[in-house]
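K.L.:
Okay, here's the structure, questions in a sec.
The values are calculated or read from the model by the stated rules, or taken from the named source; none is laboratory data. Note that this is a predicted model, so its numbers are computed, not measured. All Cβ positions, even for glycine, are placed from backbone atoms using ideal geometry, and neighbour counts span all protein chains on display. Please note that ligands, DNA and RNA were not included when accessible areas were found on the heavy atoms of the full protein model with its side chains. Shrake-Rupley method; radii C 1.70, N 1.55, O 1.52, S 1.80 Å.
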Amino acid sequence: TTLSHDIRNHKNHRKKLNYWQKNQISRSDQKLMNASDIQCLKNVVCALYQLHNSRNGNDGPTWEGSCFSQDVPSFATMIAAEASKTEKSGVDAALFFLDIMNRMTRDAGRKVEEEDPRLIGAVLNGLAQWGRAEEAQILLGRTLGVEISMANKKLSAIQSLDHDVTCPRKLTQSQAGPCYDAVLRAWSKCALLTQQQIQPNTIKFDEQSDKSVKKRLAPVDAMSQALHILLTQMPPEQISNRSCSAVLQGYGALGMGKEAEDALLKIEWMLKSPLEEGPIASSSLDVACYNSILHGYCKASKREDMHSAVKLFQAMKTETPIEINTGSSFFVIPPMPDIISYASLLNCYGKLGMASEAEKLINSMMSVGTTTRKPLETDPPEPTIACYI
């Protein structure tokens, strides 16, 4: 209970921090719990569980049986999952505590018990943090009682968790949306870590990341699995902008702008309302999803990608319908660009040394502030310091 209280205080403190303060904490490698603390927590829970199973035997101390209930491994799971944001061993500890809860459910004679979505979600978030996508996918499948298929044969040899196979605690599909989102983030992070391994001179690979990431075939394989889950495995009613963003941000972080735009168009077609009668409809996605595409084109730093980024940006700015090539003529009207959209395009110009184009874009943002008329919703945002940089 004391540890749980510390965790809550830690999370509430982080909520009050701005983006730069959170990054500063991450860079300083400040950990809520280190590996030694995690091991100590495991030892305590194991000792209590063994005492609970001994049932006041003569070989050990006597104690009240109610001292150990499912609340103990439940609290421990949440603590370890939160600590896993900075300490890798927290993920394995959280999985271990989940196993104890499953054993307790079976020992109590209950065949199936409803799983707390916050609990399983916390563990999946921990797995996503370290790119352990295979384990995240298997864990979600077991908890839901379904088999999540693979996108291609390259990923078919997926390995099992080194933990309890049976899962008497089940999660309902109606509560699984955030859990699916965590699995999508896990595959995106897996792809990014794999790319960091392939390009050690560009980005230093994190040696503490899960060893399963090092044997991944290619970033594109991991991203194809994320898109496969989103398009074919997730219940349609559970798909949100956050789900789509988890996949599109993965493509963007890899500099795969073209692949990201192709994925976006597939998502737009999937989310198209059956009530839409005309050939044109407003986008089902928010501007953050489209910004991921711009970021992907910018990260590639190629002239042809620059042209694609400008084309998409202009379509957003003028609300020009974008055609979806699905065999039937259907167009979506993209959302209006925000300050992040403008900053992404300026970053593209900066990387390619296109100073005059960057100045023109900055001037178009500044010109609105010089007029006396009332600002319109279609007006560009005023440039920030980041835009000038």
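K.L.:
What pairs come out if I take residues in the stretch 59-88 that are at pLDDT below 85 and pair them with residues that are part of a loop (DSSP other than H, G, I, E, B) and not aliphatic (A, V, I, L, M) whose C-beta lies under 6 Å away, six or more apart or interchain?
P.N.:
As it stands, the answer is Thr62/Asn56, since those pairs meet every condition given.
K.L.:
Considering only residues that are small (Gly, Ala, Ser) and assigned to a helix (DSSP H, G or I), look in the stretch 220-251 and name the one that is nearest to Cys298 (Cα to Cα).
P.N.:
Only one residue tops the list, namely Gly250.
K.L.:
For the stretch 252-272, state whether one or more residues are outside any helix (DSSP H, G or I), under 30 Å from Cys190 (Cα atoms) and in contact with a His (Cβ under 9 Å, 6 or more places away or on another chain).
P.N.:
yes
K.L.:
Could you list all residues from the stretch 352-382 that are touching a Gly at 6+ places or on another chain (Cβ under 9 Å) and either at pLDDT 90 or above or open to solvent by less than 80 Å² (accessible area, probe 1.4 Å) (or both)?
P.N.:
Correct list: Ala358 only.
K.L.:
Assuming Gln39 fulfils every condition listed in (1) in a helix (DSSP H, G or I); (2) under 22 Å from Val123 (Cβ atoms); (3) modelled with pLDDT under 90 apart from one, which condition is it?
P.N.:
It is condition (3) that Gln39 fails.
K.L.:
Which count do you get for residues in the stretch 271-285 that are open to solvent by less than 60 Å² (accessible area, probe 1.4 Å) and not basic (Lys, Arg)?
P.N.:
Residues that pass the stated criteria total 7.
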